[in-house]
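One structure is given below, encoded as structure tokens.
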Amino acid sequence: MDKFTTGREAALALRPDRPVYGFRPSVLAQDTRAFLDAFRGQTAYAVKTNGEDMVLKTISEAGVKAFDVASPAEFAAARLADPAAAQFYMHPVKAQSDIRLALETYGIRHMAVDHEDEIAKILRIVRAMDLDPADITLFVRIATKGHAAYELSKKFGAAAKHAVELVERIDRIGFRCGIAFHVGSQVEDLSTYERALASAAWVRGRAAADIAALDIGGGFPARYGHDPKRKAPPPVPAVGELVRDIQTEIDEWGLDDLPLIAEPGRVIVARSLSVIVRVLLKKGQRIYINDGIWSSLSDAWTGKMTLPARLIPDPARRRRGASTKLTPFRVCGATCDSVDILSRPFWLPEHVDTGDWIEIGHIGAYSLSLRTRFNGFYPDEFVEIATAYEDEDTGEEGYATVETRGGMAAE
Ligand SMILES: *Cc1c(COP(=O)(O)O)cnc(C)c1O
């Protein structure tokens, strides 16, 4: 992988016509360690957020010893990164063949369920393999409600009363039983975790069974940009602060005796990647770029994030407008699909023009993993960059959006 000090240096050296990802391993290691330092339990990185080999390797070398996985491809990726790491198979609805593969080939002993038929499915395979259920922990995933960029409780999770029945059933069979929740993604307020912990405590209090562990899922927010024309939203809490507050809540709900697991994704990887895109055409207040929602930017589109973006003017363009006033541009993606327009504008100096580059920062979460080959576009070129996106000295160009504040309204 070619190495550069900054994204700007990479753009000017390569003059890329296709999107190029700027991978920042030192930032990734730093954000990984920040989470590990803050959380007193076991950190299981959520592989779906970004499952690239180089990402998993960097995270593993920074000290993560467990992965949250959901499919055979993720079992394999996690094993490749660290054969000794524990794997938590936390998808509540699994194929029978995948359960067998998990138990037999990958030695996975932690799984999530939210329905009795899923327990029955796992039990059949455990019996057929002649395993002792006491060696396996089944986590009952409880439903949660709150504000997240992605509300996942609509899809998974047992209501509290049902969760009590599931816990007792798991215990009667002889499995070890855990409680798990996942509040969604980019959760900026502590109260969402508080409510989930209250449900977990309620379920534990009602169930006539021992609870072996508590898994608090992911959802910890990353920092993005914000629209300079709107009132600045409250800053996204630093991960250390939020995790500390959650741990205090855990203690207050009397759950402090339980071994803890967390499954962070976004907060660990968001800052570790940028993408350098090119302006293919400027048409009034619109710019057409060579990337879009079907390539690297689908998460920003779904979650309505304002991504930080920085203009890198093409020095070969001798004549351009004089105005460097920050102006909102509607961003149209590379494909012919008319939904391929970002839901938030990019704030760029007004003189942006055809042929310029834009480095879009903080796209490490849910960008590479959600790329499609739609319309034949599939960005897959990488360079390594030493400087954190927000630490680059931008000189005259300025930021299109301001860093270090969360800009995303809860849905
Ligand atoms: C997606 C997912 C995560 C990671 O979520 P982030 O918001 O990226 O932290 C963790 N746990 C489960 C069960 C998930 O589905």
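Taken together, the values in this text are just the output of simple stated rules run on the coordinates, not laboratory data. Note that the coordinates shown come from a computational prediction; the quantities given were computed from them, not determined experimentally. Cβ sites come from the backbone with ideal geometry, for glycine too, and all protein chains shown count toward neighbours.
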Relative contact order for region 25-269: what percent, with Cα pairs under 8 Å and sequence separation of 6 or more? 21
Can you sort 39, 382, 181 so the residue with the fewest Cβ neighbours within 10 Å comes first? 382, 39, 181
Name the residues whose placed amide hydrogens come within less than 5 Å of the amide hydrogen of residue 341, ignoring near sequence neighbours (fewer than 5 apart) on the same chain. 333
With r defined as the distance between the Cβ atoms of residue 65 and residue 97 and R0 fixed at 25 Å, what FRET efficiency is calculated, to the nearest 0.05? 0.35
Furthest towards positive pole of dipole, 208, 64, 238, structure part region 25-269, Cβ charges: 238
Label zone at residue 168, where the point sits 7 Å out along the Cα-to-Cβ direction: region 190-215 residues whose backbone N lies under 12 Å: 206-209
By how many nm would the segment from residue 286 to residue 104 grow when fully extended, if each residue of separation counts as 0.36 nm and the alpha-carbon distance is taken off? 60.2 nm
Under the Karplus relation with 6.51, -1.76 and 1.60 and θ = phi - 60°, whole-Hz ³J(HN,Hα) for region 237-245, x at Gly and Pro, equal x, 4, 4, x, 4, 4, 5, 4, 5
As a check on your grasp of the helix formula, calculate [θ] at 222 nm for the chain: sum -39500 (n - 2.57) over DSSP H runs of n ≥ 4, divide by the residue count, round to the nearest 500. -8500 deg cm²/dmol
Taking amide hydrogens as modeled 1.01 Å from N in the peptide plane, which residues meet the under 5 Å criterion relative to residue 4, leaving out close sequence neighbours? 384, 385, 386
For residue 322 and residue 248, compute 0.36 nm times the residue count separating them, minus their Cα-Cα distance, and round to one decimal in nm. 21.3 nm
Most exposed first by the Cβ proxy, i.e. fewest other Cβ within 10 Å, how do 366, 288 rank? 288, 366
Of the DSSP beta bridges with both residues in the chain, give the percent that are antiparallel, rounding to the nearest 5. 40
For residue 257 and residue 341, calculate 0.36 nm times their separation in residues minus their Cα-Cα distance, and state this gained length in nm to one decimal. 25.4 nm
Past the 20 Å Cα-Cα mark, which pairs from 94/155; 231/304; 48/161; 94/121; 48/94; 65/155? 48/161; 65/155
Give a residue-ordered list of calculated ³J(HN,Hα) values for region 366-381 (Karplus: 6.51 cos²θ - 1.76 cosθ + 1.60, θ = phi - 60°; whole Hz; x for Gly, Pro). 6, 10, 4, 6, 9, 4, 10, 9, 3, 6, x, 9, 8, x, 7, 10
Please check: in the Gaussian network model of the chain (C-alpha springs, under 10 Å), which one of 112, 201, 128 has the largest mean-square fluctuation. 128
Quick one: which residues, 5 or more positions from residue 68 or on another chain, have an amide H under 5 Å from its amide H? H modelled 1.01 Å from N in the peptide plane, none for Pro or chain starts. 45, 46, 47, 88
What is the angle, in °, between the Cα long axis of helix 25-38 and the longest principal axis of the Cα atoms in the chain? Nearest 10 is fine, range 0 to 90. 40
Taking Rh as the Kirkwood radius computed over C-alpha pairs, what is the Stokes-Einstein D of the chain at 4 °C in a medium of viscosity 1.567 mPa s, expressed in µm² per second? 58
A correct fewest-to-most ranking of 248, 32, 327, 43 by other Cβ atoms within 10 Å would be 248, 327, 43, 32
Rounded to 5, the percent of DSSP beta bridges in region 25-269 classed as antiparallel: 5
Please give, to one decimal in nm, the separation of the simple spin-label points placed at residue 26 and residue 241, each 7 Å out from Cα toward the Cβ. 2.6
